[in-house]
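All remarks here apply to the structure that follows.
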Amino acid sequence: MAAGVAVDGPAIVLENTGTTVVEPGWRASVDARANLILTRVEALAKRTVAGTEADPILLELFNSRFMAVAEQMGEALRATAYSVNIKERLDFSCAVFDRTGALIANAPHIPVHLGSMGESIAAVVRSRGDARDGRGLKHGDVYMLNAPYNGGTHLPDITVILPVFRKRIRRRPSSSPPEATIRTWAGSRRARCRRTAGRWRRRGC
């Protein structure tokens, strides 16, 4: 580049002694002394930190809840395990993931496990999700996986995956839940009232 020449990014400037990458929003120019000068010509885009758009209080509450789930999973595994590797060496990891295999929360366990378990879950979803195998993921299913090409670290490490489904319950606006039951006694007679289809029905009164 001759003196006075300017190039806007994206561009690559090749020299005998080096290579300079000019990013978008920047301009490369050469001054009278053959110095390559980079100048920003476009304002830096404002970046939003992840999680700042959510309610910070609710975010912290759910973060603590999910962390507690992962930690309790680990304690239950340690307390019920027969293997010395798990009970004494604590060679295990527990975490909560979303339906795509992205990490939600993990307990402070073995990092190498936590970095690979997401791929194991994604492999199960790819092969079983949306009934691709003719059956799909069902409530109560448990999958065990140790394939090195699908998130497994080595063959002795077995990843146990338990899918959890959220049951949808249709509720009507009310001051009492639809499954509420009230039992009353009047003298020697027992009256049982149950809320059904949005109304209280009294039986045996």
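Where a number appears in this text, it was derived from the coordinates with a stated rule and is not lab data. Bear in mind the structure is a predicted one, so any value in this text is a computation, not a measurement. Virtual Cβ from ideal backbone geometry, glycine too; neighbours counted across all protein chains shown.
What to note about this one:
- For the pair ALA6 and TYR149 in one chain, pulling the backbone fully straight at 0.36 nm per residue adds 46.6 nm over the alpha carbon distance.
- Note that segment 30-45 has calculated 3J(HN,Hα) couplings of 10, 8, 5, 9, 6, 8, 8, 10, 9, 10, 6, 10, 10, 5, 5, 5 Hz, one per residue in order, obtained from phi through the Karplus relation 6.51 cos²θ - 1.76 cosθ + 1.60 (θ = phi - 60°); glycine and proline are x.
- Here's how it looks for VAL22: its modeled amide H is under 5 Å from those of ALA11, ILE12, VAL13, which are all 5 or more places away or on a different chain.
- The alpha-carbon atoms of segment 56-161, seen along their principal axes, cover 40, 38, 24 angstrom, with the largest extent given first.
- Segment 107-153: relative contact order as a whole-number percent, Cα under 8 Å and 6+ apart: 45 percent
- Label separation (LEU162 vs GLU42): 5.0 nm, computed from points 7 Å beyond Cα along the C-beta direction.
- Extension gain, GLU88 to ALA32, is 13.1 nm, computed as 0.36 nm per intervening residue step minus the present C-alpha separation.
- Highest-first arrangement of 54-61, 139-146, 7-14, where packing means the average Cβ count within 10 Å: 7-14, 139-146, 54-61
- Summary of the geometry: segment 149-165 and segment 109-139, compared by the centres of their Cα atoms, lie 8 Å apart.
- FRET efficiency, VAL96 to LEU14 (Cβ-Cβ, R0 30 Å, nearest 0.05): 0.05
- Residues of type lysines that LYS46 reaches as a straight line, Cα spacing below 25 Å, ignoring anything fewer than 8 places off in the same chain: none
- Placing a label point 7 Å from the Cα of ASP130 along the Cα-to-Cβ direction, the residues of segment 136-163 with a backbone N closer than 17 Å are 136-138.
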